[in-house]
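Trainee: One structure coming up, written as structure tokens, with questions to follow.
The values are calculated or read from the model by the stated rules, or taken from the named source; none is laboratory data. Being a predicted model, the structure only gives us computed values, none of them experimental. Glycine also receives a Cβ, built like all others from the backbone with ideal geometry; neighbour counts cover every protein chain displayed. We work out accessible area using only protein heavy atoms, side chains counted, and drop any ligands, DNA or RNA first. Shrake-Rupley method; radii C 1.70, N 1.55, O 1.52, S 1.80 Å.
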Amino acid sequence: SAGRGIDPLAVRLNLRTQRPERFWMHMLIAAFALETLESTEGEGAVREAQQRRLEHYRRVAGAASATLSTGGDTQLLSVFLMAQDLPNIRAAHDWARSHSSRDYRALEYLSRLPSQSYRALVDHLTPEEFLEWTRLAEDAARRIGDDAAISHHRSRLGVALLKNGLEWSDGGSASLLRGDPRE
């Protein structure tokens, strides 16, 4: 069992009776499932399963972000969903980052996730993570040639820098984020 105890938001939203408890999968079972999928369906099926996972967690984070401004129980549900799925969203992001050099859909995910779930991520990620994810999103958008997304991510860099106690400088954010010692 994932067993993080009784979540007060779940009690308030009466989710205990409507939603089954979450469980962690033992690494041995996960390895067996991966090996079985690879041997029966091939490497392409494994990549497709991972990409479906990316899309699922992008939608979860996007939905959570979209409902944050609604207030009431809907807003509480958004916070609850992000609290439940943040470890999975982080794992999906890590997978996309590690496969982005050879997987176009992983690049798309890295760019789209911060755009579509900005409000939820800014509240749930550490300032360092938020800055890193924003920088990765801009780089991914650049690699896929999405100029509108590049502009969008650059506009979010100011928030990411401020959350990390850094100042926004005219034209200097890219070198500052990449660790250029001149800035």
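Trainee: How would you order 67-74, 151-158, 110-117 from highest to lowest mean count of nearby Cβ atoms within 10 Å?
Mentor: Listed from highest to lowest mean packing, they are 110-117, 151-158, 67-74.
Trainee: Related question: Would you kindly find the accessible area of Ile29, with a 1.4 Å probe and non-protein molecules such as ligands, DNA and RNA excluded, rounding to the nearest 10 Å²?
Mentor: Taking all protein chains as shown, Ile29 has close to 100 Å².
Trainee: I need the shape label for the stretch 12-152. Rule: rounded when a/c is under 1.5, else prolate if a/b > b/c, else oblate, with a, b, c from the alpha carbon gyration tensor.
Mentor: Oblate is the answer for the stretch 12-152, as a/c is 1.5 or above yet b/c matches or exceeds a/b.
Trainee: Got a number for the accessible area of Tyr57? Probe 1.4 Å, square angstrom, nearest 10.
Mentor: 30 Å²
Trainee: Each label point is 7 Å from the Cα along the Cα-to-Cβ direction; what then is the distance between the points at Thr126 and Asn164, in nm?
Mentor: Once both label points are built, they end up 1.2 nm from each other.
Trainee: Can you work out the FRET efficiency for the pair Arg154 and Ser69, with r the C-beta to C-beta distance and R0 = 22 Å, to the nearest 0.05?
Mentor: Taking R0 as 22 Å, the efficiency between Arg154 and Ser69 is 0.40.
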